[in-house]
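Heads up, the thing below is written out as structure tokens.
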Amino acid sequence: MTVMVDRQSVTLGAGWWARGLNLAERGNAGTAEAVPDDGRQQRRLARWRTAHGMEAELFGRRLADAGLSEDGLSALLGEAPDAVAARLG
């Protein structure tokens, strides 16, 4: 897809829309393929753990409500948007 931004043509990848999915939508699309962690996944997971002042127990319940574990969330956080789009078909 190509869009105009500030009078310039910008081409979006096939999975451009996948970044807008919420946690439940990503998780319900099937299992994310595990990718090697370059440190970014762990940093993102740490931000998720502390987001909105969530304590460990509340964080665990939030994940359980979405049908996820910390490992599952870590896999989702490391997944490229094109891979998410491919899982959703």
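The values are calculated or read from the model by the stated rules, or taken from the named source; none is laboratory data. These numbers were taken from a predicted model, which means no experiment stands behind them. Cβ atoms come from the backbone with ideal geometry, glycine included; neighbour counts cover every protein chain shown.
A search for C-beta distances below 8 Å between a residue of segment 53-71 that is of a type in the set (Val, Ile, Thr) and any residue that is assigned to a loop (DSSP other than H, G, I, E, B) and at pLDDT 85 or above, counting only pairs 6+ apart in sequence or on different chains, returns nothing. I need the full set of residues from segment 34-63 which are surrounded by 13 or more Cβ atoms within 10 Å (Cβ to Cβ) and of a type in the set (Asp, Glu), in order please. Within segment 34-63, just 37 meets the criteria.
Considering segment 17-44, the residues that are farther than 15 Å from residue 72 by Cα, outside any loop (DSSP other than H, G, I, E, B) and touching a residue at least 40 places away in the same chain (Cβ under 8 Å) include one that is farthest from the chain's Cα centre (by Cα), namely 17. Taking segment 20-48 as the range and being under 16 Å from residue 84 (Cα atoms) and modelled with pLDDT of 85 or more as the test, the residues that pass are 20, 21, 41. In the set (1) touching a residue at least 40 places away in the same chain (Cβ under 8 Å); (2) closer than 30 Å to residue 1 by Cβ; (3) not β-branched (Val, Ile, Thr), residue 77 fails one condition alone, (1). Condition check: in contact with a Leu (Cβ under 6 Å, 6 or more places away or on another chain) and part of a loop (DSSP other than H, G, I, E, B). Does residue 14 satisfy that? No; evaluated as a whole, the condition is false for this residue.
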